[in-house]
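Below: the structure, in structure tokens.
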Amino acid sequence: MGANTSSKALPFDGNEEVTFDHFEILRAIGKGSFGKVCVVQKNDTKKMYAMKYMNKQKCVERNEVRNVFKELQIMQGLEHPFLVNLWYSFQDEEDMFMVVDLLLGGDLRYHLQQNVRFQEGTVKLFICELVLALDYLQSRHIIHRDIKPDNILLDEHGHVHITDFNIATVLTKEAQVTTIAGTKPYMAPEMFNSTKPIGYSFAVDWWSLGITAYELLRARRPYHIRSNTSTNEIAHVFKTAAVVYPAAWSKEMVMLIKKLLETNPDKRFSQLKDIQDFPYLSDVNWNAVLQKRIMPEFIPTKGRLNCDPTFELEEMILESKPLHKKKKRLAKKEKDTSKSNSSQACHLQKHLEMLQREFIVFNREKVIHQHNEIQQHGALAKCRAMHKDGQNNNL
């Protein structure tokens, strides 16, 4: 089962409200600061998805509610072959849920850790697919701000998909983006100078793409920057360090990565046209790339999830509130509910109630259903008009 990107016109009851009860939990496949990810199957269609879930109380305590809402707002407006697309969002009293395409090929970080050495042809196709996704995001005025191997998932055929819009932002004419956000080893030089009024733009994602491409080819990054490296040290590295390009790499690939790792954002490749006009990629059939007709050289191992198995063990052994026991737990909680009078509990309860009211519910099936209805209505109106014209002509 790959990403659900081919046929999306699923059976749908217009009045259905999708909830946690509509899914069967199969296994845990990942976790992050935001929460956890598991594989689920929708009971009616039997389609498989990835379900990302975040504990509401923890989100309030860590002041992450705004980020969650922002991510939901961004993702509900997106659909692209090289993104991990959102299908549903809903909540219960404990958690917020986002149901997205399931990609069974694992993320690129996992494959690097498995000592996979990506060949130049593979990385070349990755770059082509990723720049189409970045161009699409750019058309929607979105800066992802966290492009890295961990956030690039493979489907079962080896095509790439960008995930995790947790720190993405929308660029507007009214306000500059100046916040330092991202993963330091992949962040562009101008992000560390963001106190200047110029701010930064879409080019930061293309820098991250350059770092990622280099790392995939060499299994190490071009600059010695870690997550705990200070901002001043990083600025010094960019001014003094020279990037080493192995002699085995083709001159064309080296030139392309150099264009992506241009420290001056104004000179950096940061538009699809830059890439398409580059001689190394002049032979690329971009429509075929978009339609996934170019077959990748690297195909993930079939019949497995291509992820760390310890996620499932942790969920089973260490998790105090495992997801698969949620229904029983909530039923018991309803029975045993006792009101707490502490001001802190009341304050938290107010925030949780606010979340309850403002959480963004999204159902792509409903959007598709409505879109199909509009199309059918339009076609019917057109047929009626043609029929009427025909009658008039006969007169």
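Taken together, the values in this text are just the output of simple stated rules run on the coordinates, not laboratory data. Just so it is clear, the model here is predicted, and its values are computed rather than measured. Cβ sites come from the backbone with ideal geometry, for glycine too, and all protein chains shown count toward neighbours.
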- Which of the peptides 257-266, 125-134, 235-244 is most tightly packed, and how do the rest follow, going by the mean number of other Cβ atoms within 10 Å of each residue? 125-134, 257-266, 235-244
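Using square roots of five times the C-alpha gyration tensor eigenvalues, list the equivalent-ellipsoid semi-axes of the stretch 108-290 in whole Å, biggest first. Let's see the in-between values first.
Working: eigenvalues 114, 78, 54 Å².
In descending order, the three semi-axes are 24, 20, 16 Å.
Compactness ratio of the stretch 87-172: Cα Rg over 2.2 N^0.38 Å, N = residue count?
Working: Rg = 14.8 Å, N = 86, 2.2 N^0.38 = 12.0 Å.
The reported ratio for this selection is 1.24.
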- Message: Under the 0.36 nm per residue contour assumption, what length would be gained going from the current alpha-carbon distance of Gln370 and Gln41 to full extension?
- Response: 116.1 nm
- So the FRET efficiency between Met255 and Thr301, C-beta based with R0 = 30 Å and rounded to 0.05, is 0.35
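Taking 0.36 nm per residue of separation and subtracting the Cα-Cα distance, what length does fully extending Arg293 through Ala175 add? All intermediate terms of the calculation are to be shown ahead of the outcome.
Numbers: separation 118, 0.36 × 118 = 42.48 nm, distance 3.97 nm.
That pair, Arg293 and Ala175, stretches by 38.5 nm at full extension.
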- Set Lys47/Lys292; Lys52/Lys258; Lys173/Lys267; Lys31/Lys239; Lys184/Lys259 screened for pairs whose C-alpha atoms are more than 25 Å apart: Lys52/Lys258; Lys31/Lys239
